[in-house]
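The values are calculated or read from the model by the stated rules, or taken from the named source; none is laboratory data. Being a predicted model, the structure only gives us computed values, none of them experimental. Cβ placement follows ideal geometry from the backbone for every residue including glycine, while neighbour counts extend to all protein chains displayed.
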Amino acid sequence: MTELIYLSDSYRQNDRAKIVSSERSEKDTLIVLDQTIFYPQGGGQPSDKGEIVGPNGKAKVKHVRMQGDDVVHECILEGELKAGDHVDCAIDWDWRYRNMRRHSAGHIVHEAAMIVSPLLIPVKGEHGSNPYIEYKGSLPIDSKYVIEKKANEIVEKNLALTTEFVSLEELQKRASYVPQHLPKNKPLRILIIEGFHPIPDGGTQVSKTSEVGPITISKIENEDDKVRIYYAIEETQPSVSIPQESLSGAQYVGFVLEAQQNAKKILEDTSLGVEDLRIALLGSKSELASLTKQIRNVIASDRQQAGTVLNQVKRSIEKQLNEVSSVKRQASSEEFFDMTAPGIPPPMGHLHIVTQAITEITRIFEKIGFTRVRHPEVDWDWYAFESLNMPPNHPARDEWETFFVESSKLENNKRFQSIVLTPHTSNGQVREMEKSKLPIRMINIAKCYRRQSDVSHVPMFHQFEGMYIDKGVSIGNLTGVFDFFVKNYHGIDRKIRLRPFHFQFTEPSFEVDINCGICLGKGCRLCKEGWLELGGAGMIHPVVLKNGGINPQDYNGFAFGWGVERAYMMKSGTKLDDIRLIYSNDIRFLQQF
Ligand code: FA5
C-alpha cells in the first residue's frame, strides 16, 4: 500500500522513497514506491509527471494511476531501477501547480454556483485542459456573469483552503454533499474553503484562493437534465490582483445584471408591503443606490455605456415596482384577501442577446489589449468606401447593397459628397487612423445596414471590426487573435478556417468560417455545408494606410470585420438557425436567453 504524501502536502515537489516493485510491461516500466508525491489521475485532475532517479538509473514518469492500494508510476526507464533501491523523486511542478490551481478554481466556481442556485446537485468535475463542473439541474445561460462575479469575489478575498482526514460518518455529517462513489483505497478527506461547507475531495489544492487568479466562466451548457459550467483560469499565476477601482464596463454590467436578478426575488416576496419594497429596491441602502455610487470606479471609456445599462435596469425595476404596488394596494382595499392565492409573477426583462454578445465580445478583446471605440453609423461615403480603395462606380461596392441618404454636399471638399447608412464597420478604419495615435488596437462595434434578408442576413445587424497597426505585424498575429477569440467565445473545441478572398482594402484577404455550432459540421439549413462564414479579414492595404495618414513603409497591420449576430448564433448550445428570429421581437423567444 503506497503512502499518499500529496494528500497531506500539495506543495511537496521532491521526496526520497524506496522502490517496492519495478516491472517491465509491454510499453513501459511500472514502478511502485513505498510513498509518493505523484498525484495519480482521478477526481477530474490529470496525473502528475516527473522523474525518479536511483543509484543505477533514471525513470521519466509519464503517467500515474491507482491500482488497488498501490500507486503505479508508468515510466520510460534508462538504466536500472529495482525493488529495494532508494530513489529521489521530483514532480514537474509547473504542470502540477497549473492543475492544482485549476482544481481549486473548480471548487471556487462550485461555491459560486451554489450561491446562485443552491438546488443544483453536483455530478462531476473535470479539471484538465477544458475544465467544467457538471450538475443535475439547469441554469440560465446568462447566469455565467453572476457566477463569474461571485467566483472572483472568493478569489479576491484570499480565503484559506484547508483539508482534514475524516471517517465516513464524519464526512456524511459535515460535507455539503456526499458523492455516490467514495474511494475505498484512499483515506477520506474533506476540503474546506474558509467560510463555506466542507466538500469531499482527494485532489491537490492551493492554500489561498488568490493563488488561482482571475476566473472566467466561458460558457454554460444545458443538456437534458444536466448543466455544465465551463471555466478557465490564466495559465500563469497572476502576480498582481486586479485593482478594485478599475472596473471594466463588462464587470460593472455583470453587477447590474445580478442586482436585476435580486430585485426579481425581492418583488416576489409576498411578505413585504409596498413601502418595504420601495426601500429595498430603490432606497439609499439598496443595491441600485450602491451601484450608482460605484459607477465612478468604471474605467472612463466604458462609463457612459455602463451608465446607460444601469438606467435601463433602474427604469425596468421602477416599472415593475409600480405594477406590483398597484396590485398590492388593490388587494388590500378589498374586503377579503386570500393570503393563500398564488402571487402574480411580475414580468421581468433582461438585456437583449445582441447587447449581451457585444458586452462579452468587448471583454474578450480587452483582455488582449484592444480598446472598444465608436464611429458613426451614418457616415460619409469617403469613410465607408472611397478611403477603403473603392472609388465611386467601383464594382466591388455592389456587394454591400448600401442604403444612401439624401444629403447636402460639403462645398469645396471633394471627399464629403454623399452619405450612407454604414454597410460595414470598416468606415472606422481610416477614422481611427486619423486620430494619429500609434500603435492602434481598436475594436469598433456598431450597427450596419444592407438591403438583405434571409436565414443568415438581416437588413440591420452588428459587426465588430478589429484593427491592429504597429511595426512588423504579421498574419501569424491575426490568426493568433482569431484563435484566442474563438476559444474564449465559442469554446475550446471549436475550429475556424481561413479562405482566400478579395477585399479592396486588404491584401491578402480572407474570409473566416467556423464549424457550425447547430449541426456540428454535418450541414444544416443555416450553414448548408458544415461551416458558417463569420466575417472577412486581411492585411491592411497600403492605399488605406496612406488615406489614414500612416506611412506604409513604417507601419503595417491587420483588420477584420465579423457579424455579431452570426458569432452569437455559432455559440455552442445556442441552436439558433435563423438570424431573423433575433429581431422578431417575440418575447417568448427572447425570454429563453
Ligand atoms: C465586410 O463587411 C468587410 N468590411 C469585412 C472586413 C473588414 C474585411 C476588415 C477585411 C478587413 P462582409 O460583407 O463579408 O465583409 O461581412 C462581414 C460579416 O458581416 C459577414 O461574414 C457576416 O457575419 C456579417 N454580415 C454581413 N451582412 C450581414 C447581414 N445582412 N446580416 C447579418 N450579418 C451580416
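General remarks:
- Among the residues of the stretch 187-200, some residue qualifies, meaning at least one is modelled with pLDDT under 90 and either assigned by TED's automatic domain parsing to the domain that holds Val227 or of a type in the set (Asp, Glu) (or both).
- Helices (runs of 4 or more DSSP H) wholly inside the stretch 527-593 containing at least 2 residues that are among the aromatic types (Phe, Trp, Tyr): none
- If only residues of the stretch 505-540 that are surrounded by 22 or more Cβ atoms within 10 Å (Cβ to Cβ) and over 24 Å from Val458 (Cβ atoms) are counted, the one that is farthest from the ligand (Cβ to nearest atom) is Ile540.
- When the test is whether a residue is more than 16 Å from the ligand (Cβ to nearest atom) and either at pLDDT 85 or above or buried (at least 19 other Cβ atoms within 10 Å of the Cβ) (or both), Arg372 passes it.
- Qualifying residue in the stretch 26-46 (condition: free of Cβ contacts under 8 Å to residues at least 60 places away in the same chain and on the phi > 0 side of the Ramachandran plot): no
- The residue of the stretch 429-439 that is nearest to the ligand (Cβ to nearest atom), among those that are in contact (Cβ under 8 Å) with a residue 12 or more places away in the chain and of a type outside the set (Ser, Thr, Tyr), is Gln429.
- Residue check for Gln417: assigned by TED's automatic domain parsing to the domain that holds Lys575, modelled with pLDDT under 90 and touching a strand residue (DSSP E or B) at 6+ places or on another chain (Cβ under 9 Å): yes
- Boolean, His197 is under 24 Å from Phe38 (Cα atoms), surrounded by fewer than 14 Cβ atoms within 10 Å (Cβ to Cβ) and either of a type in the set (S, T, N, Q) or free of Cβ contacts under 8 Å to residues at least 24 places away in the same chain (or both): no
- Top-ranked residue in the stretch 404-428 [being of a type in the set (Val, Ile, Thr) and in a loop (DSSP other than H, G, I, E, B); ranked as nearest to the ligand (Cβ to nearest atom)]: Thr425
- Scanning the stretch 136-164 for residues that are in contact with a helix residue (DSSP H, G or I) (Cβ under 8 Å, 6 or more places away or on another chain) and in contact (Cβ under 8 Å) with a residue 60 or more places away in the chain yields Leu139, Asp142, Ser143, Tyr145, Val146, Ile147, Glu148, Lys149, Ala151, Val155, Glu156, Thr163.
- Meets criteria (more than 10 Å from the ligand (Cβ to nearest atom) and part of a strand (DSSP E or B)) for Arg497: yes
- Complete set of residues in the stretch 440-459 that are out of contact with any Ser or Thr (no Cβ under 9 Å at 6 or more places or on another chain) and either basic (Lys, Arg) or within 8 Å of the ligand (Cβ to nearest atom) (or both): Gln452, Ser453, Ser456, His457, Val458
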